[in-house]
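K.L.:
I am attaching a structure below and will ask some questions about it afterwards.
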Amino acid sequence: MSIAISPRTLIEGCFRADGVAPLDVVYDVGLALGLTEQTVRLAIRRMQAAGELKQIGRGRAGRVERTSESEASARLDDRLLRFAFAQDDGDVVWDGRWRMYGFSVPESARSERDALRATLQRLGASVLIPGLYVTPHDLGEELSLLLGEGETPRRLIVAESDRLSVGGVTDAQMVAERLWPASGTLAAYEPLERELSASVIPSPDDQVMTLAAAIPLREAFGQALAADPLLPPELRTKPWRPSEVRRRFLSVWSALGQNID
């Protein structure tokens, strides 16, 4: 295992599709990954204090559950993941339009401004000038999922165009390379490629070792996806290696008996 596994990564990797993780499983998988029970307990306390989970029961007989806030974030991750695979399979076709998201938030609402900026960056948008972001994707649903229906979304200004000029460059693929250099995205997938090459499929009856094998892959995949703006294939050179790495990941993930959820 070459990728570092934090207690947080362990805990998040043990959540089932219903948002529950039995603590005996969490502790046993942690030991298999070299994390002591005390280290994991401290991480659970910190995550509970931050409102990311709640603990039900004590000791190994207990469990942790996602909160509504962390569920929203998990749903977004799920949407991005499914979108990536759909785009790889050719089920999503770019309409050739650029979306621009702007906002003007007063200094008195700095936390709101920072949240907007972080959300747009998380969704792969690139900054054109301070307060103005661009992406080839319609982010409306994702922004609503993360920001809700309060004041923050109403501060957004949204525009669309089928032509974008950046430094005098108008060719769509060249614009994409300027705003989202391929080198950074390719580098982000290298740890995942190493994990895939080193992965060993345990016995399907061994839940602990299966999770211990799956969590490093999940972490490497998550890190790669977080750095990938998931541009339409039309904006990348072909063949596009990250697409092939994602297909390899899906094959190994399925062999581990894990579901994309």
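What follows is calculated from the coordinates using simple rules that are stated; it is not laboratory data. Not measured: the values here are computed from a predicted model. As a convention, Cβ positions derive from the backbone with ideal geometry for all residues, glycine included, and neighbour counts pool all protein chains shown.
K.L.:
Binning every alpha carbon pair distance of the range 97-161 at 10 Å from zero, what are the percents per bin?
P.N.:
Pairs per bin, as whole percents: 22, 61, 16, 0.
K.L.:
Relative contact order of the range 182-255: what whole-number percent is it, with Cα pairs under 8 angstrom and at least 6 residues apart?
P.N.:
Taking the mean separation of contacting Cα pairs over the length of the range 182-255, I get 45 percent.
K.L.:
Report the charge-dipole magnitude of the range 182-255 in Debye, nearest 20, computed about the Cα centre from +1 at each Lys and Arg Cβ and -1 at each Asp and Glu Cβ.
P.N.:
That gives a dipole near 280 debye.
K.L.:
Please sort by residue number the trypsin sites (Lys or Arg not before Pro) in the range 159-257 whose DSSP state is loop and whose Cβ has at most 12 other Cβ atoms within 10 Å. Intermediate results must be reported in sequence, preceding the final value.
P.N.:
Values: sites: 163, 178, 194, 218, 236, 246, 247, 248; in loops: 163, 236.
Sites meeting the loop and neighbour criteria: 163.
K.L.:
Using a Förster radius of 30 Å, what is the FRET efficiency between residue 94 and residue 194 based on their Cβ-Cβ separation? Nearest 0.05, please.
P.N.:
0.45
K.L.:
OK, next. From the alpha carbon gyration tensor of the range 1-53, can you work out the equivalent ellipsoid semi-axes (sqrt of 5 times each eigenvalue) and give them in Å, largest to smallest?
P.N.:
Each semi-axis is the square root of five times an eigenvalue, giving 17, 13, 11 Å.
K.L.:
Further, regarding this structure: What Kirkwood Rh does the chain have if only Cα atoms enter the pairwise 1/r average? Answer in Å.
P.N.:
20.2 Å
K.L.:
Label points 7 Å out from Cα along the Cβ direction at residue 82 and residue 50: separation in nm?
P.N.:
Result: 2.6 nm between the two label points.
K.L.:
Still on this model: What is the Cα centroid distance between the range 190-206 and the range 225-249, reported in whole angstrom?
P.N.:
20 Å
K.L.:
In nm, to one decimal, how far is the modelled label at residue 128 from the one at residue 38, with both set 7 Å along Cα→Cβ?
P.N.:
According to this spin-label approximation, the distance is 5.5 nm.
K.L.:
How are the C-alpha pair distances of the range 145-230 spread across 10 Å bins, as whole percents from the shortest bin up?
P.N.:
Calculated P(r), rounded to whole percents: 14, 24, 25, 22, 12, 3.
K.L.:
Find the centroid of the Cα atoms in the range 4-71 and in the range 77-92, then give the distance between the two in whole Å.
P.N.:
Using only Cα atoms to place each centre, the spacing works out to 28 Å.
K.L.:
Pick out, from 133, 31, 5, the residue whose Cα sits farthest towards the positive end of the charge dipole of the range 1-144, with +1 on the Cβ of Lys and Arg and -1 on the Cβ of Asp and Glu.
P.N.:
31
K.L.:
When only C-alpha pairs under 8 Å and at least 6 residues apart count, what is the relative contact order of the chain, in percent?
P.N.:
That works out to 22 percent.
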